[in-house]
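Nothing in this text is a laboratory measurement; each read-out follows from the coordinates by a stated rule. This one's a predicted model, so the numbers in the text were calculated from it and none came from an experiment. Neighbour counts run over all protein chains shown; Cβ positions are idealised from the backbone, glycine included.
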Amino acid sequence: MERTDSETLSAEARDHAENPRNYGPLKEFDGHARISGPRGETMEFWISAPDGIIETLSFATNGSDAARAAGSLATTMLEGKRIEDAGALTRQDLLGALGSVPAEADDDVTLVVAAVRTACNDYQTRGAAAAENTGNQEEVPHSAEGGGAADQRKPGESDRDFEERQKLQSRLGRIRHKLVVLSGKGGVGKSTVAVNVAIALSLAGKKVGLLDVDIHGPSIPTMLGLEGQIIKGSDGGLLPVAMGNLNVMSIGFLLQNQDDAVIWRGPMKMNVIRQFLSDVIWGDLDFLIVDSPPGTGDEPLSVCQLMGEVDGAIIVTTPQRVAAVDVRKSITFCRQIGVPVLGVVENMSGFVCPKCGEATPILGSGGGKRIAEDMGVQFLGSIPIEPEISEAADRGSVFIQQFADSQTAEIMRSIIAPVAALDGNGGPAETSGKQASEVNPAAETNDEIVKIAIPLAEGRLAMHFGHCERFAVIEVDTKTKKILNREDLESPPHEPGLLPRWLAERGATVIIAGGMGQMAKNLFEERGIHVMVGAPSETPEYLVDDYLAGQLQLGDNVCDH
């Protein structure tokens, strides 16, 4: 893009371009960001924000007039704002303030917004990151970036780059195993495999992170029923969306509208991926599963370089030759950058008729297996075309959990055996929704007195959670296995997000339900309330007695929407 003439800008934008509020770097600042644009231009912001209120915001750029105008206007708009509000700045906010700007200035506005947001996030993480680095006494693994320990400065490395590398390695040092799911081309079901691998490991009791770095087509939030979730920040960084043992992060959570297109070039994508790895509070994980975009370009290369030592890659393909030949490129890519290939998964390998059982190879057959054998890597298995897989993803549930007794779920569990073997247990536990009796959550927290909430309809458990008449809140002693008290409460007005807060205020720490949607379950888990779904329509005392005895039988989630 050519430099934009200031005469083509609106009057207000032209004024900011000709008289930029460009103070240069602050001598004392609380937050800083330096973002590179697609043409090599840079945008830097410095923030001074005592007590969380922006007192001074300055910037420097070698970009176009439009970049200077956008940066200058951002300083005017955000001074005096809370750091959280400034961090929520959008392109639409800045474009609306600029007025008429050339269409080709879009990259400049995007660069400013990214720099402001990154500086605000740096403000929130700076102090906590230093404390975390000081308190982390574990040996930090060697990094593929520098080939040395994180506390060793590389020749010519700036203070800023050294600090960022330390923070990155501090986060990654708490993750035992790092894996990447790759594909040679799009549309082969890579994200489906990544989601089911992550869920299967979490159901087996592992602490798992799932990172979606498909910048241009993030599908993980939809597949897990997490659309609309808002990422929250804390003093230490960004908090991933929690689903029990699974922590999830995706660019999809940061889009104000799911229809928004992310139009970024390589350097900006690299910065976002670095932030996802270093600024997200992953905590102590057994596994981090990275769902990478298709191909062997910037994103998978950035992920593997930033993560340092990667334990392995799972490569997903479909049977037809046009897809399978790209497996060779993915395998070669892994070998060139030193990432072990755990194996190849062939997805959509054939359609099995539900009536007659005849298998029809709609997309051909055996392409993935032949390529794996030719390239000398393990073939992990074939997943058939099954309507329930796509239906589960569309409604935000996970196939391997929702259809745990199916033959295809069994195939998926066998596919992830090499992954689970990295942790030394030979494979994840069987997870049958119809046969499993969930672990008593009180035993995990050592709480003796627990309050259990049960939705009621005509005196029995209401199978549809959101339409119950009242709740029975039963207080129990988990040590003596006795019911201490029962209180029946009229249900509050049906308002989004009200029930989790309402029950938490009444001391409930467990819910026994017939069915509940994934979004509602996530909201209860955030309040520290453990949800058990698939319970039968029995009286509260009957269900609680089985719960205390460890014999509560749970079936299908009858209301998973």
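Couplings 3J(HN,Hα) of the range 59-69, computed from phi: 8, 9, 8, 10, x, 6, 4, 5, 5, 5, 5 Hz, in residue order, whole Hz [Karplus 6.51 cos²θ - 1.76 cosθ + 1.60, θ = phi - 60°; x for Gly and Pro].
Across the range 48-56, computed HN-Hα scalar couplings (Karplus, 6.51 cos²θ - 1.76 cosθ + 1.60, θ = phi - 60°) run 10, 9, x, 6, x, 10, 5, 8, 9 Hz from first to last residue, x flagging Gly and Pro.
Modelled label positions at Ala457 and Met77, each set 7 Å beyond Cα in the direction of Cβ, lie 4.8 nm from each other. Remark on Gly308: its backbone amide H falls under 5 Å from those of Ala144, Glu145, a criterion applied only to residues 5 or more positions apart or on other chains, H modelled at 1.01 Å from N. Here the Karplus curve 6.51 cos²θ - 1.76 cosθ + 1.60, taken at θ = phi - 60°, turns the phi angles of the range 540-545 into couplings of x, 5, 4, 5, 5, 4 Hz, with x standing for Gly and Pro. Over the range 441-549, the reciprocal of the mean inverse Cα-Cα separation, the Kirkwood hydrodynamic radius, stands at 13.7 Å. For His464, no residue whose modelled amide H falls within less than 5 Å of its own remains once neighbours fewer than 5 places apart on the same chain are excluded. Using amide H atoms built in the peptide plane, which far-off residues or other-chain residues are under 5 Å from Val290 H to H? Amide H neighbours of Val290, under 5 Å, 5+ apart: Leu179, Val180, Val181, Leu211. With K and R counted +1 and D and E -1, the other residues having a Cβ less than 11 Å from that of Ile511 yield a net charge of +2. What does the charge add up to near Ala472, with Lys and Arg as +1, Asp and Glu as -1, over the other residues with Cβ less than 14 Å from its Cβ? Here the charged neighbours net out to -4. Measuring against 26 Å, Cα to Cα, the residue pairs Lys27/Lys81; Lys232/Lys521; Lys27/Lys167; Lys185/Lys207; Lys167/Lys232; Lys207/Lys369 contain Lys185/Lys207; Lys207/Lys369 as the ones spanning a longer distance.
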